[in-house]
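Quick notes on the structure that follows.
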Amino acid sequence: MYLFMLMAIIITVTGNLAIIISISYFKQLHSPTNFMILSMAVTDFLLGFAIMPYSMIRSVENCWYFGITFCKVHYSFDLMLCLVSIFHLCCIAIDRFYAICHPLHYSSKMTFSVIRGFLAVCWSVPAAFAFGVVFSKAYASGIEGYEILVECSSSCPVMFNKLWGTILFTFGLFVPGCVMTGIYVKIFAVSKKHAHFMNNVPEKENDKKQNQLSKNKDRKAAKTLSIVMGVFLICWFPCFVTILVDPFLKFSTPAVLFDALTWFGYFNSTCNPLIYGFFYPWFRKALRHILLGKIFQPHFYTTNLFLQNQ
């Protein structure tokens, strides 16, 4: 178990660190969408670096060695980073919606100042919610014998009551998931409509080729990010459902099962760099330059990472 979890942590930390370095270093990758991907990679990196190691020890040893105060800090950051990820995915979906459905207004709508505003909301709202709910103990209000359970337990238990379990599931996963799904369905419908229109409009050969390449690039980006969104929902949905139904089942979910579902959610942060590496040739090229140490060369940050047909 230690070996398996340690491998997941190493892939999570190194993979997301490679994304952070790539987008931060190469000037060609400085775009509004990529800055949101960069911020989401920071989220996944922090989860792998600061959260997963302590969870690994608790899972394998079946004991929490770090005290009740740090237990609350750990769970607050855990919950916050999960919510930060889904907020980022919502903002990325909005960004892709404007890029594909309203391309003429994209540059004026999705400016870097707008992106900074999105990122401020993505980090501040989940942080206020997670730390506020956990440290106020609102999540445990009305749970019979909770204080005794915490004092007697050695595994850092955090259980949500019916109210906060429902709120967390509804506004932390269900509503954002429905919004993102609706946006991506609209994106693919508009992309299909645009493709049909382009095929029936006579154009100069060069213009037609350029427009086709641009449309293919936007559709590929939307498809890749929709896969990222789908993997996130698949990985975290079982854990959120358990948080929702467990209070109504009088907290009968076995601790081992809940722990396994939590790690299944963590696995999402491990998958994201692998998805980018599989679908984005620019990431593979940037990673190759990083591993070869070329980024230490003067002015190498201006190098071209895109092929002509990307």
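Any chance segment 46-59 includes a residue that's at positive phi and in contact (Cβ under 8 Å) with a residue 12 or more places away in the chain?
Taking every residue of segment 46-59 in turn, none turns out to be at positive phi and in contact (Cβ under 8 Å) with a residue 12 or more places away in the chain.
Among the charged types (D, E, K, R), at pLDDT below 90 and in contact with a Ser or Thr (Cβ under 8 Å, 6 or more places away or on another chain) - does that describe any residue in segment 73-83?
Start the filter on segment 73-83 by keeping residues that are among the charged types (D, E, K, R), which leaves 78.
From what is left, the residues that are at pLDDT below 90 are none.
Scanning segment 73-83, I find no residue that is among the charged types (D, E, K, R), at pLDDT below 90 and in contact with a Ser or Thr (Cβ under 8 Å, 6 or more places away or on another chain), so the answer is no.
Counting only residues that are of a type outside the set (Gly, Ala, Ser) and surrounded by fewer than 17 Cβ atoms within 10 Å (Cβ to Cβ), how many does segment 175-189 have? Walk me through it before giving the result.
Here is the first cut: in segment 175-189, the residues of a type outside the set (Gly, Ala, Ser) are 175-176, 178-181, 183-188.
Filter once more, so that each one left must be surrounded by fewer than 17 Cβ atoms within 10 Å (Cβ to Cβ): 175, 178-179, 181, 185-186, 188.
The total comes to 7.
Just to be sure I understand the filter: pairs with C-beta atoms under 8 Å, separated by 6 or more residues or on different chains, first member in segment 154-182 and within 17 Å of Cys235 (Cα to Cα) and touching a residue at least 12 places away in the same chain (Cβ under 8 Å), second member assigned to a loop (DSSP other than H, G, I, E, B) and not acidic (Asp, Glu). Which pairs pass?
Correct list of pairs: Leu168/Phe160.
Condition test on Phe45, is it among the aromatic types (Phe, Trp, Tyr), crowded, with 18+ Cβ neighbours inside 10 Å and within 13 Å of the chain's Cα centre (by Cα)?
It is true that Phe45 is among the aromatic types (Phe, Trp, Tyr), crowded, with 18+ Cβ neighbours inside 10 Å and within 13 Å of the chain's Cα centre (by Cα).
Just one of the numbered conditions (1) exposed (fewer than 15 other Cβ atoms within 10 Å of the Cβ); (2) hydrophobic (A, V, I, L, M, F, W, C); (3) modelled with pLDDT of 90 or more; (4) within 24 Å of Ile19 (Cβ to Cβ) is not true of Leu307; which one?
(3)
One line per residue, one yes/no per condition, for (1) surrounded by 19 or more Cβ atoms within 10 Å (Cβ to Cβ); (2) not aromatic (Phe, Trp, Tyr):
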| site | (1), (2) |
| --- | --- |
| Tyr65 | no, no |
| His88 | yes, yes |
| Tyr106 | no, no |
| Phe131 | no, no |
| Glu144 | no, yes |
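If only one of Val245, Val201 is modelled with pLDDT of 85 or more and surrounded by fewer than 17 Cβ atoms within 10 Å (Cβ to Cβ), which one is it?
Val245
The values are calculated or read from the model by the stated rules, or taken from the named source; none is laboratory data. As the structure is a computational prediction, the values presented were derived from the model and not from experiment. Glycine also receives a Cβ, built like all others from the backbone with ideal geometry; neighbour counts cover every protein chain displayed.
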